[in-house]
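Presented below is the structure to which this report refers.
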Amino acid sequence: MKKLLKARELSSFLFLIALFLVVGLINPSFLSSENIISCFNDSVVYIIISVGMAFAIFIGEIDVSVGANLGFTATVVSSMLRDGENWAFAFAVGILIGALIGLFNGWGVSVMGVPSLIFTLGTNGVMRGMMYVYTGGAWVENLPAEFKQLYTVNLFGNISVIFAVTAVMVIVVHMLLKHTKRGRYFIAVGDNPAGAALVGIPATRTKVAAYVICGVFAAISGIVFSSRIGFVTATSGNGYEMKAVAACVLGGISLSGGVGSVIGASIGAVIMASISRLLVFMELGSTYDNTITGVMLITIVVVDSLMQRRNAEKNRRQRLAARTAEAGEGGNN
Amino acid sequence: MNKSFSDKLKYFLKSWEMVLICIMAAEFIVFGLANAKFLRPALLFNSMNDFMSICIISLFVTFVMITGGIDIQAGAIVGLTSIIIGVSWQDFGCNIWVSVLMAVVVAAVCGALSGFFIAYCGVQAMVVTLGGSFLYAGIALLVSNLASTASYQGISGFPDSFRVLAKHKFFGIVPSQLVIFLILVVIAYILLHRTKYGRRVFLVGVNPEAASYSGINTRLVIMSTYILSAISAAIAGVVLTSYLGTAKSDLGSNFTLNIITAVVLGGTLSTGGKGNVIGTALASMIIGMLRFGLPLCFKIGTQYLDIPVGILLLVVVVGRSMAGHSVTQKLMMKFKKSKAA
């Protein structure tokens with residue numbers, strides 16, 4: 001089982017490398033270290049939001065309100081910073097908003113039992129409207145310069161501090177998920193909700209927790225977003241929910257829940273964030289952005305589903321063969 | 001005979017459609033009281049032009065959701081149809097009706113492609129149509145690059161014979177879009193509730209295993225619902241292009257919330273197996289009226305309209321799941337008993 005998970009992340013990592021190499025073959029100037037590092041630096045917003053999304057998908061649900069969550073948090077935090085609020089206070093408010101949105105989604109999905117796509121679609125609409133209410137449709141501009149510089153501070157080489165922090169965070173989250181009891185609850189609940197409940201895992205509470213975590217990560221990505229872009233419009237964060245889902249799928253997380261890791265999600269996020277840059281180097285222009293994303297997403301899920309089906313078939317045959325031969329060697333699962 | 005009629009009436013009065021009719025009546029009363037302009041027939045009929053495309057798509061997305069799937073690519077297909085009509089007419093010199101036919105065929109192929117992946121490869125409908133919404137919106141953008149005009153301007157100047165499609169007014173007042181919608185309601189109703197095909201759609205939604213054991217080609221049925229919803233999106237695209245007089249690649253990009261809300265509010269179970277066309281038709285009209293009435297009567301900007309629609313969706317789904325919860329049911333039983341006593 002563990003091997004399988006590893007293989008899934010590895011294959012998306014290999015896919016990322018292959019993608020870079022192909023573009024490098026077409027345009028050698030792509031393969032400079034500076035350029036590749038900035039591919040990673042530029043994907044921080046996507047990584048954070050996708051890690052959050054991964055939690056929702058682990059438990060076998062989905063959260064399409066993260067885009068609006070990102071936008072709303074970015075709006076609130078940015079306008080507080082613009083008005084000279086204390087940074088820590090502003091960030092705390094932002095994260096609290098994200099957590100509350102997540103809590104609401106978690107209540108609707110796991111306590112009330114509403115299908116997650118429909119419930120979070122509703123939340124998405126409401127939050128998107130709230131952004132207009134909050135700003136009156138105006139842009140939030142004139143953020144403090146130090147806040148905007150936060151995104152561009154480099155550690156060593158060209159690696160930005162914010163990317164390094166994010167990478168460490170992803171690894172810590174990964175460790176917590178794999179090596180703590182509570183962390184494993186998420187995967188267990190997604191893998192087999194009824195079974196998880198039977199062995200005493202609080203399924204409902206775990207699901208709510210997953211949504212809260214998802215909301216908090218969306219809020220953090222909203223803060224990073226406003227630092228990176230430097231202003232927030234009423235449509236900021238539009239479509240990020242779809243990109244985050246796509247990143248998770250690209251990273252080998254199964255949408256039926258219970259399979260995958262946040263490292264996979266991060267790799268998927270880097271792929272998603274790099275597409276427009278790759279296209280520029282292939283001299284195709286960003287108009288191909290959506291098309292390529294769509295083709296990649298559909299191809300990967302279809303191939304994944306066909307492979308899973310073949311594996312299931314193979315396992316079934318193996319079991320059958322083992323039973324008919326009455327030998328113990330065939331039944332290895 | 002008489003009794004069965006009264007039974008039917010009773011049944012109807014208790015049905016979800018009756019609730020929807022009441023909501024609609026309430027809308028008329030509230031909006032009418034707030035601003036008498038709302039009740040002017042000319043204005044009311046005119047306003048329908050703005051949301052008819054959503055109503056048209058919702059009708060057939062109902063089919064998809066009854067099979068237990070979901071379709072979030074319909075909005076992208078609206079834009080794709082629109083831009084194909086524009087580009088093939090303006091830049092390739094096709095006859096406008098040939099362009100329309102081409103666009104509808106392309107849309108059907110798009111629907112078939114997504115439907116194929118969902119039905120035959122067993123991928124979740126949600127992901128495939130998510131990918132589809134990227135893909136078809138992307139293709140629409142690429143097609144719009146073929147045009148000689150800038151994509152943000154759109155393509156306009158269509159011949160009158162095409163524009164009249166959505167601009168004509170029957171009896172000088174009833175917009176042709178409403179007529180098209182009503183015709184589609186009848187078609188969808190007959191298809192879903194009066195034909196073998198409709199029964200199969202329901203059966204696949206209730207229990208796909210049982211359906212396939214009873215000799216139904218479940219995969220084909222599932223795929224066909226996506227083709228139907230794509231064709232309806234294409235029709236909406238044609239009507240919208242004709243009404244606006246402009247072909248743009250991003251038309252319909254924000255329809256998803258409205259479509260899903262209309263279908264769910266109409267009484268379709270998102271887990272499949274239950275739903276009906278009349279409910280969806282009524283619900284989509286309710287949403288349309290809301291989108292027209294709120295700005296007119298309460299001066300709420302059109303940007304804010306996602307809030308009421310979103311809240312409506314949340315209230316309906318939560319309310320329905322509460323009604324399904326055992327606690328609420330017990331309360332209801334108690335209530336009934338106390339009434340009987």
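The values are calculated or read from the model by the stated rules, or taken from the named source; none is laboratory data. All figures in this text were calculated on a predicted structure; none of them were measured in a lab. All Cβ positions, even for glycine, are placed from backbone atoms using ideal geometry, and neighbour counts span all protein chains on display.
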| Tally time: how many residues in segment A:279-299 are more than 9 Å from chain B (Cβ to nearest Cβ) and part of a helix (DSSP H, G or I)? | 4
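So which helices (runs of 4 or more DSSP H) stay within segment B:1-112 end to end and still have 1 or more residues that are of a type outside the set (A, V, I, L, M), closer than 30 Å to A:Gly294 by Cα and in contact (Cβ under 8 Å) with a residue 40 or more places away in the chain?
On the way: elements: B:2-14, B:16-34, B:41-48, B:52-66, B:74-90.
The qualifying helices (runs of 4 or more DSSP H) are B:52-66, B:74-90.
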| request: Go through (1) farther than 26 Å from B:Gly75 by Cα; (2) touching a helix residue (DSSP H, G or I) at 6+ places or on another chain (Cβ under 9 Å); (3) surrounded by fewer than 16 Cβ atoms within 10 Å (Cβ to Cβ) and name the single condition B:Ile190 misses. | output: (1)
| task | Filter segment B:295-305 down to residues that are within 14 Å of another protein chain (Cβ to nearest Cβ) and touching a Gly at 6+ places or on another chain (Cβ under 9 Å) and give me whichever is nearest to A:Gly129 (Cα to Cα). | result | B:Tyr304
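Select from segment A:130-139 the residues that are surrounded by fewer than 24 Cβ atoms within 10 Å (Cβ to Cβ) and not polar (S, T, N, Q) and write down the one among them that is nearest to the other protein chains (Cβ to nearest Cβ).
Just the residues of segment A:130-139 that are surrounded by fewer than 24 Cβ atoms within 10 Å (Cβ to Cβ), to begin with: A:130, A:132-139.
This time we only want the ones that are not polar (S, T, N, Q), so: A:130, A:132-134, A:136-139.
Values: A:Met130: 7, A:Tyr132: 4, A:Val133: 6, A:Tyr134: 11, A:Gly136: 9, A:Gly137: 6, A:Ala138: 11, A:Trp139: 14 Å.
Step by step, filter segment A:130-139, then rank; the result is A:Tyr132.
Output the number of residues of segment A:82-102 satisfying the condition of being surrounded by fewer than 24 Cβ atoms within 10 Å (Cβ to Cβ), part of a helix (DSSP H, G or I) and of a type outside the set (Gly, Ala, Ser). Give the steps one after another, and end with the answer.
Our first condition is that a residue be surrounded by fewer than 24 Cβ atoms within 10 Å (Cβ to Cβ); within segment A:82-102, this holds for A:82-93, A:95-97, A:99-100.
From the residues that got through so far, the ones that are part of a helix (DSSP H, G or I) too are A:82, A:87-93, A:95-97, A:99-100.
Next cut, of a type outside the set (Gly, Ala, Ser) only: A:82, A:87, A:89, A:91, A:93, A:95-97, A:100.
Residues that pass the stated criteria total 9.
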| If you take the residues in segment A:253-270 that are touching a Leu at 6+ places or on another chain (Cβ under 8 Å), within 14 Å of chain B (Cβ to nearest Cβ) and not aliphatic (A, V, I, L, M), which one is surrounded by the fewest Cβ atoms within 10 Å (Cβ to Cβ)? | A:Gly260
| task | Answer yes if at least one residue in segment A:302-313 is at pLDDT 85 or above and either touching a strand residue (DSSP E or B) at 6+ places or on another chain (Cβ under 7 Å) or surrounded by fewer than 22 Cβ atoms within 10 Å (Cβ to Cβ) (or both), and no otherwise. | result | yes
| field | Restricting segment B:258-274 to residues that are within 11 Å of chain A (Cβ to nearest Cβ) and either modelled with pLDDT under 85 or not in a helix (DSSP H, G or I) (or both), the residue that is nearest to B:Ser133 (Cα to Cα) | value | B:Ser270
| Of the residues that sit in segment B:120-172 and are aromatic (Phe, Trp, Tyr) and buried (at least 18 other Cβ atoms within 10 Å of the Cβ), which one is farthest from the other protein chains (Cβ to nearest Cβ)? | B:Phe162
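Quick one: how many residues across segment B:133-163 are part of a helix (DSSP H, G or I) and out of contact with any helix residue (DSSP H, G or I) (no Cβ under 8 Å at 6 or more places or on another chain)? Give the steps one after another, and end with the answer.
Of all residues in segment B:133-163, those part of a helix (DSSP H, G or I) come to B:133-145, B:160-163.
Still in the running and out of contact with any helix residue (DSSP H, G or I) (no Cβ under 8 Å at 6 or more places or on another chain): B:160.
So the answer is 1.
Restricting to segment B:306-321, name every residue that is without any contact (Cβ under 8 Å) to a residue 24 or more places away in the chain and more than 7 Å from every other protein chain (Cβ to nearest Cβ).
Kept after step one, since they are without any contact (Cβ under 8 Å) to a residue 24 or more places away in the chain, are these residues of segment B:306-321: B:307-308, B:311, B:314-315, B:318-321.
Matches in segment B:306-321: B:Pro308, B:Val315, B:Gly319, B:Arg320.
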| field | Breaking point among (1) closer than 23 Å to A:Gly268 by Cα; (2) not in a helix (DSSP H, G or I), for A:Gly200 | value | (1)
| request: Kindly indicate whether A:Thr152 is hydroxyl-bearing (Ser, Thr, Tyr), at pLDDT 90 or above, assigned by TED's automatic domain parsing to the domain that holds A:Leu255 and surrounded by 12 or more Cβ atoms within 10 Å (Cβ to Cβ). | output: no
| field | Evaluation of A:Arg182 against (1) more than 14 Å from chain B (Cβ to nearest Cβ); (2) under 14 Å from the mean Cα position of the chain (by Cα) (one fails), failing number | value | (2)
| said: Going by what's in this entry, would A:Gly106 be described as within 14 Å of chain B (Cβ to nearest Cβ), farther than 18 Å from B:Val127 by Cα and out of contact with any Leu (no Cβ under 8 Å at 6 or more places or on another chain)? | reply: yes
| remark: When segment A:231-266 is checked residue by residue, the ones that are aliphatic (A, V, I, L, M), part of a helix (DSSP H, G or I) and closer than 24 Å to A:Ala74 by Cα are A:Met242, A:Ala244, A:Val245, A:Ala246, A:Ala247, A:Val262, A:Ala265
